[in-house]
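To start, the structure under review is shown below, and the notes come after it.
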Amino acid sequence: MKVIFADDDAAMRERMVSAAEGLKSEFGVLDVCGVAEDGERLIQLVEENAPVDMIISDMRMPNMDGLSAMVYLLAKYKAMHVILLTSESIVGSDEGDDTAENEEKYAMLNQIALRLINKETAPDKINSMLEGCEKLGLSTKTVAKHFGARGFVRKPFSAKKLTVIMKQLKAKTPFIEIDIITRG
């Protein structure tokens, strides 16, 4: 399985690679094709190494956030699994986001997504999915699901969490959500 990790924290990137190397005996080779420090580099690495099976990306990164990179990449590479990492609490934060009153908000997010997919920026407009979620008051978890994320995991990242992700992918769990804090 080809995987790329993205996080703006160098120590977290090292931790992700180390976790992947530790799981070889249980899940076979996780071929780490690269690590990225932001969403722009993540896109570049995926395009250089396509097809990539899985991306595990921090959501908040400079230059381009992980949610924006995910929208761009899943528009081009639909079979890829994208797992987003966050420091924010993710339990129960998306209640009511899929109501009819939010239809207009999702229409705006779709416009942002189209600009991202077409690599366009519009002056005086929101050009980031994460910023769009925050300004529109929508849960990032719900938006991530809406645009095709396979999971949402609370930081810190660990080998234990990667094991859970791999087991749930193998079991074809519809949406992976890990909101536990682990040590080590």
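Quick notes on this one:
- Being modelled with pLDDT under 90, farther than 22 Å from CYS33 by Cβ and assigned to a helix (DSSP H, G or I) is a property that holds for GLU101.
- Filter pass, VAL52 being out of contact with any Phe, Trp or Tyr (no Cβ under 6 Å at 6 or more places or on another chain), at pLDDT below 95 and part of a loop (DSSP other than H, G, I, E, B): no
- Residue among LYS145, LYS172 that is outside any helix (DSSP H, G or I) and free of Cβ contacts under 8 Å to residues at least 60 places away in the same chain: LYS172
- Qualifying positions in the stretch 148-169 - among the small types (Gly, Ala, Ser) and outside any helix (DSSP H, G or I): GLY148, ALA149, GLY151, SER158
- Figure legend. Inter-residue proximity from the stretch 66-89: first residues surrounded by fewer than 21 Cβ atoms within 10 Å (Cβ to Cβ), second residues basic (Lys, Arg) and at pLDDT 95 or above, beta-carbon distance below 7 Å, spacing 6+ or different chains. Indicated pairs: HIS81/ARG150.
- Residue match in the stretch 15-37 (condition: outside any strand (DSSP E or B), surrounded by 15 or more Cβ atoms within 10 Å (Cβ to Cβ) and acidic (Asp, Glu)): yes
- Residue in the stretch 57-78 that is modelled with pLDDT of 85 or more, within 15 Å of ARG13 (Cβ to Cβ) and in contact with a Phe, Trp or Tyr (Cβ under 8 Å, 6 or more places away or on another chain) present: yes
- Within the set ILE4, ILE43, the sole residue that is outside any loop (DSSP other than H, G, I, E, B) and over 20 Å from LYS161 (Cβ atoms) turns out to be ILE43.
- Residue in the stretch 162-172 that is under 21 Å from ALA6 (Cα atoms), of a type outside the set (A, V, I, L, M) and touching a His at 6+ places or on another chain (Cβ under 8 Å) present: no
- Top-ranked residue of the stretch 1-14 - restricted to ones that are within 12 Å of ILE55 (Cα to Cα) and not β-branched (Val, Ile, Thr), ranked as surrounded by the fewest Cβ atoms within 10 Å (Cβ to Cβ): MET1
- Test: residue in the stretch 36-50 that is at positive phi, more than 10 Å from the chain's Cα centre (by Cα) and not hydrophobic (A, V, I, L, M, F, W, C): no
The values are calculated or read from the model by the stated rules, or taken from the named source; none is laboratory data. Since the structure is predicted, the reported quantities are computational estimates derived from the model, not experimental observations. Don't worry about glycine lacking a Cβ; one is built from the backbone with ideal geometry, like all the others, and counts go over all protein chains shown.
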